[in-house]
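The values are calculated or read from the model by the stated rules, or taken from the named source; none is laboratory data. Remember, it's a predicted structure, so these values are computed and weren't measured experimentally. Note: ideal-geometry Cβ built from the backbone for every residue, glycine included; neighbour counts use all protein chains shown. Side chains are part of the model used for accessible areas, which takes the heavy atoms of the whole protein and leaves out ligands, DNA and RNA. Shrake-Rupley method; radii C 1.70, N 1.55, O 1.52, S 1.80 Å.
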Amino acid sequence: MACLNNIIQKIQDTFQVHVHGPIFSSRRIESVYYLLPSHDGQLQPDPDTLYIGTYPDHQPLNPDGCILLLNCCSNEENTNILSIKENLDSFAVLNCIQQELYDCRKADLKRDEVLQVLQAGYGYQSMLDTAMTFLNNPITLCTTSFSVLASSPKNYFDDKFDVYDEKFYLKSNFIQSMKEKQVLQHLFTSSSPIIVEPDDAHEISYLFCSIHIRRAAVGYLCISSLNRPFQSADSSFAMNLSKLISLEMQKDECYAEKTGLKYECFLTDLIEQNLDSKIIAARHLSQLGKTLYQYFWVLGFTFHGFSNTQLNPNYYIDQLSGIFKHSMAFFYKGTLILLHTSNCKDLYQSIDKQKLSHFLQLNQIHAAISFRFEQLLDTPRYYNQVMFLLRNQNCIRKEHILTYEDNYLNHLLAASQNQINTETLIHPDLLFLQNYDQENNTEYIKTLKAYFLNNRNALNTSNYLHIHKSTFFYRIGKIADLISFDPSNAELLFSYEFSFRILEF
């Protein structure tokens with residue numbers, strides 16, 4: 001059976017016309033029937049049949065069935081009948097509809113074959129190979145960390161893929177193109193397919209369809225139009241295929257409710273300070289097959305939005321291992337904790353920041369990143385940094401990521417709250433400016449804060465405030481008159497900046 005709206009779209013695309021009347025996307029059509037004038041009185045409409053005729057022969061007709069009339073020259077809209085104003089060849093339209101019904105029947109049969117493969121337990125590869133015989137285009141199954149689970153033809157990879165450690169991943173520039181075309185957002189929010197054309201492949205389109213488990217996006221299908229253009233039946237087939245692959249994925253241990261992770265014992269001992277020797281810790285890591293590099297980071301991950309945590313923890317750990325190549329991860333007291341090691345001082349030199357950002361967005365996860373450190377046994381201290389970031393709602397977050405570098409002063413202020421009234425640490429000049437602004441309807445405190453936010457650059461500050469540069473200097477002059485502001489006094493400037501952080505806290 002074919003969806004009525006797909007049939008109508010096929011007619012419109014083939015004949016370049018517009019179909020008027022009630023088009024219901026959920027209505028399913030089993031067959032098409034050509035109306036003859038002599039049948040008007042005897043017609044008992046079948047709800048699963050689309051009837052086609054010409055307006056001059058059947059214009060009084062108004063049955064309950066689904067009817068499409070051609071050459072409908074009247075300007076009156078009939079809310080019960082589909083119509084085309086152009087004088088089309090009725091048999092050409094009939095053949096067009098029959099072709100769409102035939103394509104949909106083929107898709108349904110192929111879907112049943114994929115279901116049999118699923119029931120037989122042959123796995124992803126056989127399911128994609130079976131789907132490929134219908135799509136006649138390359139199809140790839142990817143995870144939300146942009147690694148490849150399977151492809152058909154097997155081991156088919158074009159220039160959109162990179163290989164690392166014998167695993168294939170989508171290239172960063174292709175991922176960026178997906179983001180710019182709102183593909184990632186669509187995969188996250190919708191289960192319906194989307195067709196896009198990347199900027200660097202004008203003759204090849206890509207069809208994406210997300211795969212969900214308990215409303216969480218866990219992967220997606222990527223189909224290219226390498227061998228033939230996409231047809232209307234391809235989208236519905238891809239949707240059905242994604243549902244069947246979702247069932248297959250739930251058989252995997254990453255999605256099943258199992259416990260026991262490779263690094264759980266070691267990382268627990270490390271965080272709980274049960275390891276008091278670097279030599280012993282290094283020996284344990286060697287036994288686990290891990291290599292120590294010069295620098296370390298602790299990262300923590302928490303879920304927000306709907307409950308992605310219904311999936312097995314191994315799923316998220318497996319996805320993150322594709323982004324953080326040299327890492328160990330486990331769930332500790334309900335939080336996903338990852339220890340990353342690298343010879344690069346900058347964390348983002350050893351990972352793909354774009355892939356991390358997209359993974360966090362797709363799975364509705366917040367990530368917290370500690371300061372870099374060099375002594376493995378110092379891990380508990382930096383674990384505490386991460387937990388502060390995840391628990392404190394006042395922390396600065398950028399694109400699902402919280403860094404300790406952006407929030408260390410907040411941690412200091414939070415830690416001192418029980419011993420010091422933090423408001424007493426605010427420089428009195430700023431308190432004076434606040435009161436002055438309230439009494440005189442001025443914006444001096446806002447101007448001074450913007451000056452620090454823009455690295456004390458006058459031009460950037462004036463652009464930030466949407467004022468002329470001369471207006472900015474006038475305000476700075478007035479501020480100097482009011483509070484003896486001195487841009488050359490480093491200690492005073494630090495005190496002002498620290499006070500602004502306290503005000504934000």
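Considered as a group, the residues in segment 83-105 that are of a type in the set (S, T, Y) and touching a residue at least 24 places away in the same chain (Cβ under 8 Å) include one that is farthest from Y33 (Cα to Cα), and that residue is S83. Filtering segment 393-426 to residues that are closer than 20 Å to F359 by Cβ and in contact with a His (Cβ under 8 Å, 6 or more places away or on another chain) leaves R397, H400, I401, L402.
I175 - would you say it is assigned to a helix (DSSP H, G or I), at pLDDT 70 or above and of a type in the set (V, I, T)? Here the answer is yes, as I175 does meet what is asked. Among the residues of segment 37-54, those identified as open to solvent by less than 80 Å² (accessible area, probe 1.4 Å) and modelled with pLDDT under 75 are P37, H39, D40, G41, L43. Tell me yes or no: at least one residue of segment 242-259 is closer than 21 Å to S370 by Cα and either part of a loop (DSSP other than H, G, I, E, B) or modelled with pLDDT of 85 or more (or both). Scanning segment 242-259, I find no residue that is closer than 21 Å to S370 by Cα and either part of a loop (DSSP other than H, G, I, E, B) or modelled with pLDDT of 85 or more (or both), so the answer is no. The residue that is farthest from the chain's Cα centre (by Cα), counting only those in segment 464-505 that are closer than 20 Å to N410 by Cβ and among the charged types (D, E, K, R), is E497.
The sole residue among S151, S90 that is farther than 17 Å from G219 by Cα and among the hydroxyl-bearing types (S, T, Y) is S90. Out of all the residues in segment 333-347, which are over 30 Å from S190 (Cα atoms) and either in contact (Cβ under 8 Å) with a residue 60 or more places away in the chain or open to solvent by 20 Å² or more (accessible area, probe 1.4 Å) (or both)? Residues satisfying the conditions are K333, L339, N343, C344, K345, D346. All but one of (1) surrounded by fewer than 22 Cβ atoms within 10 Å (Cβ to Cβ); (2) over 29 Å from S210 (Cα atoms); (3) among the hydrophobic types (A, V, I, L, M, F, W, C) hold for F303; which doesn't? In the conditions (1) surrounded by fewer than 22 Cβ atoms within 10 Å (Cβ to Cβ); (2) over 29 Å from S210 (Cα atoms); (3) among the hydrophobic types (A, V, I, L, M, F, W, C), F303 misses (2) alone. Would you pick out the residues in segment 352-378 that are in a loop (DSSP other than H, G, I, E, B), open to solvent by less than 30 Å² (accessible area, probe 1.4 Å) and modelled with pLDDT of 90 or more? Hit for segment 352-378 is S370, nothing else. Of the residues L226, L141, L221, the single one that is in a loop (DSSP other than H, G, I, E, B) and modelled with pLDDT of 85 or more is L226. Restrict the check to segment 129-138 and report whether at least one residue is open to solvent by 40 Å² or more (accessible area, probe 1.4 Å), within 28 Å of the chain's Cα centre (by Cα) and at positive phi. The answer is yes, given that some residue of segment 129-138 is open to solvent by 40 Å² or more (accessible area, probe 1.4 Å), within 28 Å of the chain's Cα centre (by Cα) and at positive phi. Residue pairs whose Cβ atoms lie under 7 Å apart, sitting 6 or more positions apart in sequence or on different chains, and linking a residue in segment 4-15 that is at pLDDT below 90 to a partner that is of a type in the set (S, T, N, Q) and open to solvent by 60 Å² or more (accessible area, probe 1.4 Å), are N5/S25.
Quick grid of which residues meet (1) within 24 Å of Q393 (Cβ to Cβ); (2) aromatic (F, W, Y); (3) touching a helix residue (DSSP H, G or I) at 6+ places or on another chain (Cβ under 6 Å):
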position: S416; (1), (2), (3): yes, no, no
position: Q419; (1), (2), (3): yes, no, no
position: T422; (1), (2), (3): yes, no, yes
position: N435; (1), (2), (3): no, no, no
position: Q438; (1), (2), (3): no, no, no
position: Y451; (1), (2), (3): no, yes, yes
position: S462; (1), (2), (3): no, no, yes
position: H466; (1), (2), (3): no, no, no
